[in-house]
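Quick note: the coordinates plus some simple rules give every number you see, no bench work behind them. Remember, it's a predicted structure, so these values are computed and weren't measured experimentally. Cβ atoms come from the backbone with ideal geometry, glycine included; neighbour counts cover every protein chain shown.
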Amino acid sequence: MSAITTEKLTKRFISRKRAATGASGSAGADTAGVHGNGGPSGNGAGGRGASGLLGRFRRPAKSETLAVDAIDLDLREGEIFGLLGPNGAGKTTTIRMLCTLLEPTSGRATVAGYDVVKEADKVRASIGVVLSGERAVYWKLTGRENLQYYAALYHIPPAAARKRIAEILAVVNLADRADEFVERYSSGMKQRLTLAKGLLNNPPVLLLDEPTIGLDPQSARNIREFILCLNKEHGKTVILTTHYMEEADQLCDRVGIIDHGRIIALDSPKVLKSRIKEEDVVEVEVKNAAPDLARRIRSIEQVNQVTAQVTDPTVGAAALRVHAQDGRKVLPSVLAQIAAADGVVQFVKVSEPTLEDVFISLTGKALRD
Ligand SMILES: Nc1ncnc2c1ncn2[C@@H]1O[C@H](COP(=O)(O)OP(=O)(O)O)[C@@H](O)[C@H]1O
Ligand SMILES: [Mg+2]
């Protein structure tokens, strides 16, 4: 049986405010304006953002955002599925529809075999949810008290709850800190407690929205290992969202790449990466990078795609990713362009494509802003 299915799942937001929400997604994805034209759409990324904004301002009061655009998914039981995409792509909206917090505008979805609209209660009994950006646990209670409170909301009888809570605290590695106030927890511990809360009803399906966002690298690694353990040892089906391509690569059996509300590619990380295997990626770190450096490099004939990420604006440091059929062949021209623009090369490497590069190759822009 499928753990989650969606058929043309769509969410349209109508908001009274002008411009604000809809434009932010696409404008924000434009890596500080360093990379400009040349996406497969043929549209300048920066230009599109600007004209979109103007268009919205001219319109009357109501604006419409197509946050999720006819998504079809079929998740297998026991898999970890990742929705990978930039800010504003529609990841959270998808999760909120799947966990019954938002009603779809059209289309349908089932979770654990139940319809998210018609059988919302049964869906809720079958899922554990961790939403990002929401304070899900009470800081003035201890970890154990938090779980007791939520267990009561699930109507778990006190004796059974005590046992279940002790088990879960061990699973999330919080047993020895369970009786401390949450306000004294580190951010990683708080996130583990939030996950523990999502496990109280022993759900077969977990929906995790950006489970590692805002965590330090060590805590993020712990949470990822923990998600893997929940999947491998406790048999949970997991759908998670992320804009970290390493996370999707490490954790997920399959990844759906989402942009502007649409799934633009869906497969295992390995297959996704092999699709652009015939391309090399030249990584270059440059100091004193001119604002139009990416455009200059893109004008080199053999170059397919370029993105630039400002890493330190005070010294004009940028990390470039240059896609080309043969990285070694194109390298001298790339270095020549950098030198001509008075850039100073700090680091060069010809490497294999990552999931980030799959995204760049599909959309002409970088995943992170
Ligand atoms: N409640 C809302 N009202 C209006 N627009 C919204 C609302 N929630 C999200 N959006 C818009 O829908 C799009 C997708 O948002 P979201 O699902 O949060 O993206 P992601 O989680 O991938 O960053 C964005 O353009 C966002 O601004
Ligand atoms: Mg989100």
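At q = 0.10, 0.13 Å⁻¹, what base-10 log of I(q)/I(0) does the Debye formula yield for the chain when every alpha carbon is treated as an equal point scatterer in vacuo? Results for the chain at q = 0.10, 0.13 Å⁻¹ read -0.71, -1.09. Overall size of segment 57-212 from C-alpha positions, given as principal axis extents largest first: 56, 36, 27 Å. Pairs from the table (K270/K365; K11/K62; K91/K232; K197/K365; K8/K190) lying more than 26 angstrom apart at Cα are K197/K365; K8/K190.
Summary value for the chain: 22 percent relative contact order, contacts being C-alpha pairs under 8 angstrom separated by 6+ residues.
Among R275, R96, R76, the largest mean-square fluctuation in a Gaussian network model of the chain, built with springs joining Cα atoms closer than 10 Å, belongs to R275. Distances between placed amide hydrogens fall under 5 Å for D259 paired with I264, all partners being 5 or more residues away or on another chain. DSSP beta bridges fully contained in the chain are about 70 percent antiparallel. Between E233, E79, E180, the residue with the greatest mean-square fluctuation in the GNM of the chain (Cα pairs under 10 Å linked by springs) is E233. Relative to one another, the C-alpha centroids of segment 235-313 and segment 134-183 are positioned 39 Å apart. Helical content alone sets the calculated 222 nm signal of the chain at -11000 deg cm²/dmol, taking -39,500 (n - 2.57) per DSSP H segment of four or more residues and averaging over every residue.
For segment 236-338, what is the relative contact order in percent, using Cα pairs closer than 8 Å and at least 6 residues apart in sequence?
23 percent
When the Cα atoms of segment 278-351 are enclosed in a convex hull and the volume is divided per residue, what value in Å³ results?
Taking the convex hull of the Cα positions in segment 278-351, it is 69 Å³ per residue.
Counted by neighbouring Cβ atoms within 10 Å, the residues K236, K91 run from fewest to most as K236, K91.
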